[in-house]
Amino acid sequence: MNLDEWSELFVATAGASAALAGLIIVAMSVNIETIVAAPSLPARAGATIASLILVVVVTIAGLIPDIGSVGLGWVALVFSLVATGFGVDATVRVIRAPGQPPLAGPIKGAVVIVPLLAFVIGAVIMIVGIDAGIYFVAAGILLVFVSSVVNAWVLLVEVRR
């Protein structure tokens, strides 16, 4: 597969995810006392930043000349597993958080975990030599953006309710 065909997507998503990571950090600094006081919000914010950094790293790696789909798959796998560690921690903390409806925790956890699973699946598919794995990575990128905007909203607005 020729990753050069993906270069415009990689450039755009690297910049957008870095900017969104900055927004999350600003949101945390504005509401830090409220976020730190909540049992699950610090971990959720950390998982969101880890997901966005995953996008930055994978998309910048995709711009490395001659990295190839297998090399990009390895980068995506290593960094998505790290981000998944943050996501699992956040999900456990969200599920254990007191005072929420029974399904709220798993749904909030899925918002964090599902995008990361798309990265892991895509990475493994690319490593075994199937070029279609890049489409799972692309889906993961899109899902990270949606998930991150949801979490940015929570950290900026919902914590004030």
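Which residue out of 49, 35, 25 is closer than 17 Å to residue 157 by Cα, in contact (Cβ under 8 Å) with a residue 12 or more places away in the chain, buried (at least 18 other Cβ atoms within 10 Å of the Cβ) and among the β-branched types (Val, Ile, Thr)? Reasoning before the result, please.
Numbers: 49 fails: closer than 17 Å to residue 157 by Cα; 25 fails: buried (at least 18 other Cβ atoms within 10 Å of the Cβ).
Unique residue meeting the criteria: 35.
Could you figure out which of (1) surrounded by fewer than 20 Cβ atoms within 10 Å (Cβ to Cβ); (2) touching a Gly at 6+ places or on another chain (Cβ under 7 Å); (3) closer than 22 Å to residue 45 by Cβ isn't true of residue 114?
(2)
Restrict the check to the stretch 85-104 and report whether at least one residue is more than 18 Å from residue 38 (Cα to Cα), within 11 Å of the chain's Cα centre (by Cα) and crowded, with 16+ Cβ neighbours inside 10 Å.
Looking for residues that are more than 18 Å from residue 38 (Cα to Cα), within 11 Å of the chain's Cα centre (by Cα) and crowded, with 16+ Cβ neighbours inside 10 Å, one finds none in the stretch 85-104, hence no.
Tell me the helices (runs of 4 or more DSSP H) entirely within the stretch 1-66 that contain at least 3 residues that are aromatic (Phe, Trp, Tyr) and closer than 30 Å to residue 132 by Cα. Can you show your working first?
Working: elements: 7-30, 32-37, 41-61.
No helices (runs of 4 or more DSSP H) qualify here.
Just checking, which of 104, 110, 83 is modelled with pLDDT of 95 or more and small (Gly, Ala, Ser)? Show your work before the answer.
Working: 104 fails: modelled with pLDDT of 95 or more; 110 fails: modelled with pLDDT of 95 or more.
Among 104, 110, 83, only 83 is modelled with pLDDT of 95 or more and small (Gly, Ala, Ser).
Is it fair to say residue 128 is within 14 Å of the chain's Cα centre (by Cα) and more than 15 Å from residue 49 (Cβ to Cβ)? Reasoning before the result, please.
Details: within 14 Å of the chain's Cα centre (by Cα): no; more than 15 Å from residue 49 (Cβ to Cβ): yes.
Spelling it out, it is not the case that residue 128 is within 14 Å of the chain's Cα centre (by Cα) and more than 15 Å from residue 49 (Cβ to Cβ).
The values are calculated or read from the model by the stated rules, or taken from the named source; none is laboratory data. As the structure is a computational prediction, the values presented were derived from the model and not from experiment. Neighbour counts run over all protein chains shown; Cβ positions are idealised from the backbone, glycine included.
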